[in-house]
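Engineer: Here it is, the structure, as structure tokens.
Readers should treat all values here as calculations from the given coordinates under stated rules, not as data from a laboratory. It should be emphasised that the depicted structure is a prediction, and the values quoted were computed from it without experimental measurement. Here Cβ is always computed from backbone atoms with ideal geometry, including for glycine, and neighbour counts include all displayed protein chains.
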Ligand SMILES: [Ca+2]
Ligand SMILES: [Ca+2]
């Protein structure tokens, strides 16, 4: 009987480790878990960047204790997971506003919710982006799956995120 204790313990430890690796176990509807990392929601309709942010913070906001804001795509694994979802599940490749800007700090991109820097270069940004200088100060996930800078008055889809803090 003792012989199968060790494998069972190993299975249990493995299960606990994978639980510990996942930061979030589930998301409040209509937000869904993407990449095992974040809770995102892809509302219908297109908006200016400011209206997209307001939408995420109010009408499309998740219930307490979460708060809603535009999404922060902080790792290339998450960028890949988000794009796979948009392309294969949502089947809606397009431009999506996310929560970064260089407004007021031209060339220095930061996430508006957390205040941390947006990653630079490949594999995040598309070749030659950002290219809009002072005319394009807001962050877009474009139809090619990479980041780009866009004019804030453009009408794009939004990606909202449920934050726990
Ligand atoms: Ca800019
Ligand atoms: Ca651009």
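Engineer: In percent, what relative contact order does the chain have, based on Cα pairs under 8 Å that are 6 or more apart in sequence? Kindly include the intermediate steps, with their values, before the conclusion.
Structural biologist: Numbers: 288 pairs, mean separation 48.7, N = 165.
30 percent.
Engineer: Normalised by the residues of segment 29-114, what does the relative contact order come to in percent, with Cα pairs under 8 Å and at least six apart? Please report the intermediate quantities before stating the final value.
Structural biologist: Numbers: 80 pairs, mean separation 20.0, N = 86.
Relative contact order for segment 29-114 comes out at 23 percent.
Engineer: Residues in segment 150-165 near a label at residue 95, defined as backbone nitrogen under 19 Å from the 7 Å Cα→Cβ point?
Structural biologist: Hits in segment 150-165 for residue 95 at 19 Å: 150-160.
Engineer: Sort the following peptides by mean Cβ neighbour count (other Cβ atoms within 10 Å, averaged over residues), highest first: 157-164, 48-55, 142-149, 29-36. Write down the numbers at each step before the final one.
Structural biologist: Values: 157-164: 22.2, 48-55: 20.0, 142-149: 18.1, 29-36: 16.6.
Averaged packing, sorted descending, gives the order 157-164, 48-55, 142-149, 29-36.
Engineer: Next question. When the expected Rg is taken as 2.2 N^0.38 Å, what fraction or multiple of it is the alpha-carbon Rg of segment 126-165?
Structural biologist: Numbers: Rg = 11.7 Å, N = 40, 2.2 N^0.38 = 8.9 Å.
Cα Rg divided by the expected 2.2 N^0.38 Å: 1.31.
Engineer: Can you classify segment 74-133 as rounded, prolate or oblate using the Cα gyration tensor, where a ≥ b ≥ c are the square roots of its eigenvalues, rounded means a/c under 1.5, and otherwise it's prolate if a/b beats b/c and oblate if not?
Structural biologist: Details: a/c = 1.93, a/b = 1.71, b/c = 1.13.
Prolate shape, in that a/c is at least 1.5 and a/b is the bigger ratio.
Engineer: Calculate how many DSSP beta bridges within the chain are antiparallel, expressed in % of all such bridges and rounded to the nearest 5.
Structural biologist: Working: 21 of 24 bridges.
The answer is about 90 percent antiparallel.
Engineer: Still on this structure, please answer the following. Please give the calculated 222 nm ellipticity per residue for the chain, where each DSSP H segment of at least 4 residues contributes -39500 (n - 2.57) and the sum is spread over every residue; nearest 500 deg cm²/dmol? Walk me through the intermediate numbers first.
Structural biologist: On the way: 3 runs with 35 residues, N = 165.
-6500 deg cm²/dmol, from helical runs alone.
Engineer: What are the semi-axes of the equivalent ellipsoid for the chain, taken as the square roots of 5 times the Cα gyration tensor eigenvalues, largest first, in whole Å? Write down the numbers at each step before the final one.
Structural biologist: Values: eigenvalues 233, 63, 42 Å².
Gyration-tensor ellipsoid for the chain: 34, 18, 14 Å.
Engineer: Could you tell me how many degrees, from 0 to 90 and to the nearest 10, lie between the Cα long axis of helix 5-21 and the main elongation axis, the longest principal axis, of the Cα atoms of the chain?
Structural biologist: 20
Engineer: When the convex hull of the C-alpha atoms of segment 32-115 is computed, what volume per residue in Å³ does it have? Provide the component values of the computation, followed by the final result.
Structural biologist: Details: hull volume 9.6 nm³, N = 84.
Cα convex hull per residue, to the nearest whole number: 114 Å³.
Engineer: What does the C-alpha gyration tensor say about the overall shape of segment 92-165? Classify as rounded when a/c is under 1.5, otherwise prolate if a/b is larger than b/c, or oblate.
Structural biologist: On the way: a/c = 1.33, a/b = 1.06, b/c = 1.26.
Rounded is the answer for segment 92-165, as its axis ratio a/c remains below 1.5.
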